[in-house]
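Notes follow the structure.
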Amino acid sequence: MSSKIKNVFVFALIVLSAYAGASRGQGSHNPSRFTYVRLYCTPEGDTHFQDVTVELREMNFAPPAAPIYIGGDVPASSVFFGGFDAAWGAHDLETRLNHPAPATQFGVVLRGVFSITTTDGETRRFRPGDVFRVEDTSPCKGHITVVGDQPGMLMFAR
């Protein structure tokens, strides 16, 4: 991925996360820290959540604009969008059908509400602006994703 596209994606993650936290009154308003949720897999194949905080460093990112905080330099080769029907995955939750992620990737909620359940039974809800990273690829047991009562849209970065 070109440096310019990567920089735009990192900037979008920072802006969306800051907006989401501020709009719901959650987290710190400190622009030098960014927290996202990581969904990871244990050696036994079970999935769990972890909150990850990235320290950002003030830098001249796009002169002559004022400096901004940058960090969490994670390589990505593609960014794409996924549209989900309302209640997508509800049947999977009823039948406890877990699925692994197709690849390690970040997800950014653009529209709708997404609930993700791990194999240990913890469920977290993600709303517009929330960022998460799924790392539970095969042979991991995976997770269950359910979309709320309105269609949802995610941006993925791998």
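Only the coordinates and a few stated rules stand behind these numbers; no lab work does. Just so we're clear, the structure is a prediction, and the values are computed from it rather than from any experiment. Backbone-built Cβ (ideal geometry, glycine too); neighbour counts: all protein chains shown.
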Check your understanding: Quick check, is G72 over 19 Å from F49 (Cβ atoms) and among the small types (G, A, S)?
Key -> no
Check your understanding: Looking at region 74-122, which of its residues are of a type in the set (F, W, Y) and surrounded by 11 or more Cβ atoms within 10 Å (Cβ to Cβ)?
Key -> F84, W88, F106, F114
Review point. If you check F106 against the conditions, is it in contact with a Lys or Arg (Cβ under 8 Å, 6 or more places away or on another chain) and hydrophobic (A, V, I, L, M, F, W, C)?
Key: yes
Review point. Under the condition of being surrounded by 14 or more Cβ atoms within 10 Å (Cβ to Cβ) and assigned to a loop (DSSP other than H, G, I, E, B), which residue from region 57-73 is nearest to the chain's Cα centre (by Cα)?
Key: G72
Practice item. State yes or no: is V131 within 25 Å of R33 (Cα to Cα) and in contact (Cβ under 8 Å) with a residue 60 or more places away in the chain? Key: yes
Review point. With respect to the numbered conditions (1) under 15 Å from the mean Cα position of the chain (by Cα); (2) of a type outside the set (S, T, N, Q); (3) crowded, with 18+ Cβ neighbours inside 10 Å, which one is the sole condition not fulfilled by C41?
Key: (1)
Review point. Would it be correct to say that A66 is small (G, A, S), without any contact (Cβ under 8 Å) to a residue 24 or more places away in the chain and more than 13 Å from T119 (Cβ to Cβ)?
Key: yes
Practice item. Assess whether V108 counts as being part of a strand (DSSP E or B) and not acidic (D, E). Key: yes
Review point. Across region 123-148, what is the number of residues that are farther than 21 Å from F80 by Cβ, of a type in the set (D, E, K, R) and surrounded by fewer than 17 Cβ atoms within 10 Å (Cβ to Cβ)?
Key: 2
Check your understanding: Quick one: F49 ticks every box in (1) part of a loop (DSSP other than H, G, I, E, B); (2) closer than 22 Å to I144 by Cβ bar one, so which box is it?
Key -> (1)
